[in-house]
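Notes follow the structure.
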Amino acid sequence: MPKITSAKNRKPPPDGWDDIETNLLDFQNQLKDATDSSSEGQKKHESTHKVFQISHQRSRYIYDLYYEKEAISRQLYDWLLKNGYADATLIAKWKKQGYEKLCCLRCIQTKETNFNSTCICRVPREQLKEDQEIQCVSCGCRGCASSD
């Protein structure tokens with residue numbers, strides 16, 4: 001979520017902001033709806049899955065605009081990262097080989113798991129049993145291995 005700053009300290013957005021502002025506002029509204037929705041009938045960790053997914057989509061949108069489509073300038077990209085519209089560390093991982101489809105940073109942090117390994121969603125599908133259904137406990141991902 002973008003940081004809340006006073007109007008005095010905030011620099012105006014660079015050129016190109018008007019082109020993507022509506023899409024970023026849509027993501028913002030989706031995040032508000034996801035946080036306001038009731039988590040009745042869900043497990044404790046399932047209530048945050050939608051927030052993780054929307055945050056991932058917003059970061060991927062900005063990543064694609066800058067690296068894939070080259071539709072935004074470097075100044076706008078840096079401004080978006082600085083103001084919290086995208087996760088800079090997640091984008092840095094997407095640029096590395098083997099992490100192109102990474103869903104969240106929790107899935108690769110080995111210190112937070114029982115067996116000091118990555119999340120089940122990072123395991124390639126061909127290494128799983130045929131009927132084995134996977135879902136990440138942290139973010140709800142169903143598989144983000146680059147070989148899938």
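Just a few scattered comments:
- Filter result for the condition that a residue is crowded, with 17+ Cβ neighbours inside 10 Å and more than 12 Å from the chain's Cα centre (by Cα), over Gly98, Gly143: Gly143
- Of residues in the stretch 64-101 being outside any helix (DSSP H, G or I) and of a type in the set (D, E, K, R), the one nearest to Pro124 (Cα to Cα): Lys101
Results for (1) in a helix (DSSP H, G or I); (2) modelled with pLDDT of 95 or more; (3) not small (Gly, Ala, Ser), shown as yes or no for each residue.
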| position | (1), (2), (3) |
| --- | --- |
| Lys3 | no, no, yes |
| Lys8 | no, no, yes |
| Pro12 | no, no, yes |
| Asn23 | yes, yes, yes |
| Ala34 | yes, no, no |
| Ser38 | no, no, no |
| Gly41 | no, no, no |
| Ser59 | yes, yes, no |
| Cys103 | no, no, yes |
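- Candidates Trp94, Trp17: the one that is hydrophobic (A, V, I, L, M, F, W, C) and farther than 18 Å from Cys144 by Cβ is Trp17.
- Filtering the stretch 84-113 to residues that are out of contact with any Gly (no Cβ under 9 Å at 6 or more places or on another chain) and of a type in the set (D, E, K, R) leaves Asp87, Lys93, Lys95, Lys96, Glu100, Arg106, Lys111, Glu112.
- Qualifying residue in the stretch 130-144 (condition: under 19 Å from Gln28 (Cβ atoms), hydroxyl-bearing (Ser, Thr, Tyr) and in a loop (DSSP other than H, G, I, E, B)): no
- Tyr85 vs. criteria in the same structural domain as Glu21 (by TED's automatic domain parsing), without any contact (Cβ under 8 Å) to a residue 24 or more places away in the chain and surrounded by 15 or more Cβ atoms within 10 Å (Cβ to Cβ): no
- Residue check for Phe27: over 24 Å from Ser146 (Cβ atoms), surrounded by 16 or more Cβ atoms within 10 Å (Cβ to Cβ) and within 19 Å of the chain's Cα centre (by Cα): yes
- Among residues of the stretch 58-95 being of a type in the set (Asp, Glu) and within 21 Å of Asn29 (Cβ to Cβ), the one that is nearest to the chain's Cα centre (by Cα) is Asp87.
The values are calculated or read from the model by the stated rules, or taken from the named source; none is laboratory data. Everything quoted here is computed from the prediction, not taken from an experiment. Positions of Cβ are backbone-derived with ideal geometry, glycine not excepted, and every protein chain shown enters the neighbour counts.
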